[in-house]
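Report on the structure given below.
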Amino acid sequence: MITADRFYIGGAWVAPSGTRTMPILTPSTNARIGTLTLGNAEDVDRAVAAARTAFESYSLTPKPERLALLRRLAGITRARLDDLGRAISAEMGAPATMAREVQAYSGLGHLEGFIAALEALDEEETLPNGDILSREPIGVCGLITPWNWPINQIALKVVPVLATGATCVLKPSEHTPLSAQIYAEMVHEAGFPAGVFNLVHGEGPTVGAALSRHPDVAMMSFTGSTRAGSAVSRDAAATIKRVTLELGGKSPNLVFADCDLDARVTEGVAACFYNTGQSCDAPTRMLVERSVYDRALEIARAAAEAQPVGDPAEEGDHIGPLFDRLQYDRVQTMIRKGLDDGARLLAGGPGRPDGLPERLQGGWFVRPTVFCDVSPDMAIWREEIFGPVLAMTPFDSEEEAIALANDTDYGLAAYIQTGSEDRAIRVARRLRAGGIHINGRDADYGSPFGGFRQSGNGREGGRFGLEDYLEMKVRPPFVA
């Protein structure tokens, strides 16, 4: 049984002021694997004070020294990928192979992207008019990260803080504390000065709100639900903080008749189900050109029925459980809503998958589900489900496909499947989303990630991710 009852503040593991605790549960069996102590506003005050003190000196650290620290962190991260993978699999249910090779590795991939971006960054430049522009760290940053991609999001927020010379207080999801603890250990081992990075566990309405409202926090970076992101923005407004948000999505996948239909539809189903559908940029709406719609349904049904579901402790390409009972109940409700609204069930449906071992019967496993003939007024078309549930519908023209794709409150990602480069470029320009995926190709580490509209603001990753943590200062050239 794991006891997580220490916070990392001022370069040391310290006892929190908060005394409330909560169980750490593993979603594959719903068994308790540990206990987490939750912080309070006093813990936030201590951590912010440590970060503010550290900022005075760390903000002046030369770039070569920061790069050396980041490279040490990269080596340590590589050495601890197995540890991170095991923690992620246990606490949020990602299968072992994916937890290690994708979830954990993302922390290293993003770190290497930020190192390259920092190497190329001009922290001071002369403008065409002769004035001098300098880029300086913004100050103390409050960072709030989610449970679905815990290390991915920690790296996307913590690393640019460390790279730019800012300092931070991290509040990871209280549901995934184990991987966050390991990350704090890695930052400590890399030798970053005391107070540059601080870790406080707690719930959003207490620790998250205290960070967002704190007068000594210059910036908030939040990833999570649109509802919670709105609350962070409101809490931060009184002190005029910079706020960056990476929120929800309902990403469209446009499948044109001239693509490799078998490959692209199969990939589209797998991408929707990946991480058990618990990704904000998952392609959960598949729009198919009508002339190949019936064939696409056959391919999608076969792909869904072939999707293995199993024990996250085991290696393999299966998907694991949903994260917790709340998420399980929501997905079941949405599947039933799809049936009630008249969508045609192509594969899956309510309940748990058949054939689960007895030891997994208490886990939050769901049936990979595909609906077809879904209309834009249905809840499963408009609302983020955050589970392995795909909605399919036909379109008759490129114009209709674009209109259907953009008919959403979100704008995080969009996917295009076509054999025409001209069409891919033409359609991509008209899709209102921050990231466009074409024929199974995604953007690489170091590219900006973020969305339009209610999917958030700001960008994470690479050069553009660094810029969110920098202030600009201008001065004229010196003349005696």
Subject >> Student exercise, the stretch 252-444 dipole from Lys, Arg, Asp, Glu Cβ charges, in Debye to nearest 20 >> reply: 360 debye
**OP:** Quote the relative contact order of the chain in percent (integer), defining contacts as alpha-carbon pairs under 8 Å separated by 6+ residues.
**Re:** 19 percent
Original post:
Binning every alpha carbon pair distance of the stretch 2-247 at 10 Å from zero, what are the percents per bin?
Top reply: 8, 32, 37, 18, 3, 1, 0
**OP:** Would you kindly work out the equivalent ellipsoid of the chain from its C-alpha gyration tensor and give its semi-axes, the square roots of five times the eigenvalues, largest first in whole Å?
**Re:** 38, 28, 19
Original post:
Can you give the relative contact order of the stretch 2-247 as a percent, counting alpha carbon pairs under 8 Å and 6+ residues apart?
Top reply: 25 percent
Subject >> Positive-end extreme of charge dipole, the chain - chosen from A405, V169, P388 (charges on Cβ) >> reply: V169
**OP:** Any cysteines in the chain with zero other Cys Cβ atoms under 4.7 Å from their Cβ? List them, or say none.
**Re:** C259, C272, C280, C372
**OP:** Treating cross-link reach as a plain straight distance, find the lysines whose alpha-carbon is under 24 Å from the alpha-carbon of K63, omitting any fewer than eight places away in the same chain.
**Re:** K157, K473
Original post:
So how strong a dipole does the chain carry about its Cα centre when Lys and Arg Cβ are +1 and Asp and Glu Cβ are -1, to the nearest 20 debye?
Top reply: 920 debye
Subject >> Within the chain, helix-based [θ] at 222 nm, where runs of 4 or more DSSP H residues each add -39,500 (n - 2.57), nearest 500 >> reply: -11500 deg cm²/dmol
Original post:
Expressed as a rounded percentage, what relative contact order does the stretch 252-444 have, with Cα pairs under 8 Å and six or more residues apart?
Top reply: 28 percent
**OP:** Mind running the shape call on the stretch 252-444? Use the C-alpha gyration tensor, a ≥ b ≥ c as the square roots of the eigenvalues: rounded below 1.5 for a/c, prolate if a/b tops b/c, oblate otherwise.
**Re:** prolate
Original post:
Given DSSP loops and a limit of at most 16 other Cβ atoms within 10 Å, what is the longest stretch of the chain that contains no such trypsin sites (Lys or Arg not before Pro)?
Top reply: 21-431
Subject >> Charge dipole of the stretch 13-66 about the Cα centre (unit charges at C-beta), most positive-ward option of T21, P62, A51 >> reply: T21
**OP:** Consider a paramagnetic label point 7 Å from the Cα of L133 along Cα→Cβ; state which residues of the stretch 453-479 have an amide N under 16 Å from it.
**Re:** 463-477
**OP:** Treat each spin label as a single point 7 Å out from the Cα along the C-beta direction, and report the T35 to S233 distance in nm.
**Re:** 4.0 nm
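Taken together, the values in this text are just the output of simple stated rules run on the coordinates, not laboratory data. No experiment lies behind these values; they were computed from the predicted model shown. Cβ atoms come from the backbone with ideal geometry, glycine included; neighbour counts cover every protein chain shown.
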